[in-house]
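Here's the structure, in structure tokens; my notes come after.
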Amino acid sequence: MQDQKQTTNSIVFEVEIKDQVPSLQTAVPEIKKKLEEAAYMRAAAGPAVTLEQISEKLKRAEEKRRQTITVVQDSKLNRERRRIGAFERRISEERVHQDQLKEKLETYLNKAVEKRLTVREQRMQKLRNHISRVEEIRTQLAVRRNTSAEAKRIEIYKRLDEASLKREQQLVSKKITAMKSAEKKKTNNDSANAQTNLAELNLNHQQ
């Protein structure tokens, strides 16, 4: 059979009680030993702690735990805020960088388009100038050809007129020569006839 006893320091120890009552010499050392152990444990455990003290310690521990949790949460929250702030700054910087790149790209594209249009207009103007020069040269050549053809036509007509005039002159000359020849022949004939007639008259007169 065992009995549990509690001291004022809330230290519990067991004392074994045998069915037979031991002798005083045997029981005293056992109790003394238990008391010494209890005293040692009290000395090791420190002064006695009441329930109020334990409750207060628990409250302080809970408050400290809450403060620690709050500090940790605040620290986490601050880190999260810093992380979010850094992320937002990075996003903002990237957005600004993208906007700058977009603006540079748009400026480059606009300049490229303007340059391409300028080059195209210059080429078109050169082509128009070339076409104008070709048309002008073609017109000049046509005028020259027309002038040359007209000159040749005039020259041909002139030569034809000269040839026709020469033929007319030759015909007139031949006609005049023929007329002169005919008149001469007629004159000769008339002279011969007159001489014949005169001779006949002379013969008749002599008879």
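Each value in this text was obtained by applying a stated rule to the coordinates, not by laboratory testing. Just so it is clear, the structure is predicted and the values come from calculations on it, not from any experiment. Every residue, glycine among them, receives a Cβ derived from its backbone with ideal geometry; neighbour counts consider all protein chains shown.
Between residue 172 and residue 135, full extension at 0.36 nm per residue minus the direct alpha carbon distance yields a gain of 8.0 nm.
Modelled spin-label separation between residue 185 and residue 82, with each label point placed 7 Å from Cα along the Cα-to-Cβ direction: 15.0 nm. In this structure, residue 75 and residue 106 have a Cβ-Cβ separation that, at R0 = 45 Å, corresponds to a calculated FRET efficiency of about 0.50. Within the straight-line cut-off of under 27 Å between alpha carbons, the lysines reachable from residue 33 are 5, 18, sequence neighbours fewer than 8 places apart in one chain being disregarded.
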